[in-house]
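Coordinate-derived values only; no laboratory data. Note that the structure is a prediction, hence the values are computed from the model and not measured. All Cβ positions, glycine included, derive from the backbone under ideal geometry; neighbour counts span all protein chains shown.
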Amino acid sequence: MSLELDDIQGGVLHERPSPYVGAYLLLRIDDRWAGRELVRRLHPIVNSGRPSSDQAPEAWITVAFTYQGLKALGVPQGSLDSFAPEFRQGMAARAAELGDVGESSPAAWEKPLGSPHVHVAVAALSPDAARLQAVLERARRADQELPGVEVIWRQDCYQLPTGRTSFGFKDGIGQPAVEGSGVRASNPRERPIKAGEFVLGYPDETGSLPPMPTPEVLGRNGTYVVLRKLRTRVAAYRRYLRAKASGREEEILLGAKMVGRWQSGAPLALSPDRNDPELGADPARNNDFFYGDDLRGFKCPAGAHARRANPRDALDHEMSVDVRLHRIIRRGTSYGPVLPEGVLEDDGVDRGIIFIFAGAHLKRQFEFVKTQWLNDGIFIGAPGEKDPLVGPNDGSGVFTIPQRPIRRRMQSLPPFVVTRGGEYFFAPGMRGLRWLADLET
């Protein structure tokens, strides 16, 4: 499969640099002519999947639009109606289905997230602050002297000094390979996923072309993008492990059982009894495994976060489940300062993860994984259990750890992650961006 890499936005297919610093900007369009001029100015600085020689491949800008944003640009109604219904509804309207209730409900979201005022998202990522500033300066020049366009939200992000998430775990390991992209799989045992699972206009794992927005110039080589701001309750997580463990070693083990990996990134599937930092740091080995030899979860619990998000071959015996139809590209980034090691009380500082998903199917990729695998335990035979780390637990949650002679059940799981807001976007291809800029409706 040959992909039109020159027409695909680079942020869709390529990993963020490591280390990285970045910023996410949200803009509102009050005047469609100014909005089109914004797109016209942004177009030259958006990186494609095949970076040109005058642009560093590790520093890029990605641009995406909400349904309301496309509407504000004057996209014809017939075209708007051709987008996926989940995209047209927006994330806030689907919050209850996604499990965003209570503290995570849209009523409590950080403004303007989830509101109809969010029209454009601009993501800028670079290896260091100096290059980020240069990239942002190019983006700022795009909206200068455009009174009909306003930046309404900004979130700075960066790789924590440890290279891990605020919970202390190495992140971004299990990414799928996209057929034709030239990007190698992080799991050498996994065949590349069909390009149509992530980029519109190509066959997907069913052998069909996914539904694509019209006209073709707008839909082809585009992808849907999910942005979610997730606050992590690190102190509550540490207190919970401390209360359930008999000592520091057991704390570390229980944390690994909940995640499915040791903090170093070493998977329990390969190193179930002890941490192996060398394995965790080796990209050639730290994702080279399946779960088929551990169906009962004695090495890695079936309810662990990493195993829920990507069950690999653990569901091969289920005739109705094809895991490859639910693979996702995830581009998570951290925000906020680190909670110092050993601190067990919340300092009130906002910290967490900006979760980014890219794919061709909002419903059967992001929403399926979120609702069926993370928020529900039916598929692992434990209907009452949610993801122990990111699931919508309410203080009554349970997490089962298989062990001999008697399994262990961790009770009273509180919420460790709270949704602060988010939205569904569409990132057009490079030709699609030009089409939006040249609209005359």
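Points to keep in mind about this one:
- Both radii were evaluated on the Cα set of the range 118-173; the Rg over Rh quotient, with Rh as the Kirkwood radius, amounts to 1.08.
- Across the chain, C-alpha contacts under 8 Å between residues 6 or more apart give a mean separation that, scaled by the residue count, equals a relative contact order of 24 percent.
- Extension gain for A235 to R184 (0.36 nm times residue separation, less C-alpha to C-alpha distance): 14.7 nm.
- Cut-off 9 Å between beta-carbons: net charge of the residues surrounding I193, Lys and Arg +1, Asp and Glu -1: -1
- Both numbers refer to the Cα atoms of the chain; Rg and Dmax are 21.4, 71 Å.
- The GluC sites (Glu not before Pro) found in the range 88-188 that occupy coil by DSSP, while having at most 15 further C-beta atoms within 10 Å, are E110, E145.
- Against the chain, whose longest principal axis comes from its Cα atoms, helix 234-244 is set at around 20 degrees.
- Projecting label points 7 angstrom from Cα along Cα→Cβ for Q144 and R248 puts them 5.3 nm apart.
- Summed residue charge, Cβ within 9 Å of F355's Cβ, Lys/Arg positive, Asp/Glu negative: +4
- Net charge, L344 excluded, C-beta distance under 14 Å - Lys, Arg +1, Asp, Glu -1: +1
- Straight-line cross-link partners of K71 among the lysines, defined as a Cα under 26 Å from its Cα and at least 8 positions apart when in the same chain: K111, K229, K363.
- The orientation-averaged shadow of the Cα convex hull for the range 296-408, equal to a quarter of the hull surface, comes to 9.2 nm².
- Distances between placed amide hydrogens fall under 5 Å for I152 paired with L26, L27, R28, all partners being 5 or more residues away or on another chain.
- Distance in nm between pseudo-label sites at R409 and S105 (7 Å out along the Cβ direction from Cα): 2.9 nm
- For G265, residues with placed amide H under 5 Å, excluding near neighbours: K170
- Against the chain, whose longest principal axis is taken from its Cα atoms, helix 32-42 shows a tilt of about 70°.
- Shape parameters for the range 35-131, alpha-carbon atoms, Rg then Dmax in Å: 16.6, 49
- Each of V135, V338 has some number of other Cβ atoms within 10 Å of its Cβ, and from fewest to most they run V338, V135.
- For the range 185-194, backbone phi angles converted through the Karplus equation (6.51, -1.76, 1.60; θ = phi - 60°) give residue-by-residue couplings of 5, 6, 10, x, 8, 9, 5, x, 7, 4 Hz, Gly and Pro being listed as x.
- Expected 222 nm ellipticity per residue - DSSP helices of 4 or more, -39500 (n - 2.57), all of the chain, to 500: -5500 deg cm²/dmol
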